1. Percentage of Cα-Cα pair distances in segment 127-173 greater than 12 Å, rounded to whole percent?
2. Of the listed pairs 19/129; 13/138; 138/167; 19/60; 60/138; 60/153, which have alpha-carbon separations greater than 21 Å here?
3. Sort segment 90-162 into rounded, prolate or oblate with this rule: let a ≥ b ≥ c be the square roots of the eigenvalues of the Cα gyration tensor; rounded if a/c is under 1.5, and if a/c is not under 1.5, prolate when a/b is larger than b/c, oblate otherwise.
Amino acid sequence: ATEESVATSADHKAFVIDKAITLIGGYPAAGGNMSAPESNPTILSGNNTSDHVVIVTAPKAKGTVKMSGFTVTGAASVSGTTSWRINNTTLADHSGAFCALNTDLALENMTISGNSTTHASAIYGAYSKVNMKNCAFKNNTAAENGGALWVSKSDLVVLEAEISGNKAIGTET
C-alpha cells in the first residue's frame with residue numbers, strides 16, 4: 001500500500017511530518033548555535049486559510065518526532081470542503097493547529113495560540129503518544145470538542161503547561 005499525504009484543495013496547505021525527526025526553532029536568522037525562541041520566534045502559520053498547520057504521521061515504530069521552540073498559529077476553519085487524505089483516511093475539520101495521527105510526538109517549549117477551527121483548535125491526537133513539556137496553549141477557539149486539546153485513543157502527558165483563554169461551545173478554559 002502506498003502512503004499518501006495530500007490535500008483535497010490546492011489552497012489547503014500544512015507542514016506534514018512523516019518521519020521521526022527532531023526540529024528545533026528559535027535560532028537567529030543570521031545564524032548561531034543557541035536556540036532562543038523568546039527573542040527569535042520561529043512561527044509555523046496556517047495563514048488563516050487552512051484547518052491544519054502541522055500534521056504528524058511518522059509511524060510510532062520508526063521513533064519519536066520531537067519539536068521544540070516553535071509558535072504554531074493561524075489555523076482557521078474555511079468554507080468549502082477542504083480536507084487531507086492521509087494513508088487512505090480523510091482528516092477533515094477534526095484538528096486545528098496540530099494533528100498527531102498514530103505517531104509518537106514530543107513537544108517542548110512550544111506556543112500554540114490564535115487558532116480558530118471547528119474542532120480541537122490547538123491539538124488533536126488519535127492513536128498517538130503525545131508528551132508535552134513547558135508548552136503554552138493560549139487563545140484558541142473551537143466551535144466544539146476542545147478549544148485547546150482533544151485526544152482520542154491516545155496517551156497524553158502534559159507537564160508545566162500554560163492553558164488559558166481557550167474556548168469551545170461558549171466555555172473558557
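Just so you know, all these numbers are worked out from the coordinates, no wet-lab data involved. Worth saying up front: this structure is predicted, and the values here are computed from it rather than measured.
1. That tail contains 62 percent of the Cα-Cα pairs.
2. Long pairs (Cα-Cα over 21 Å): 13/138; 60/138.
3. oblate
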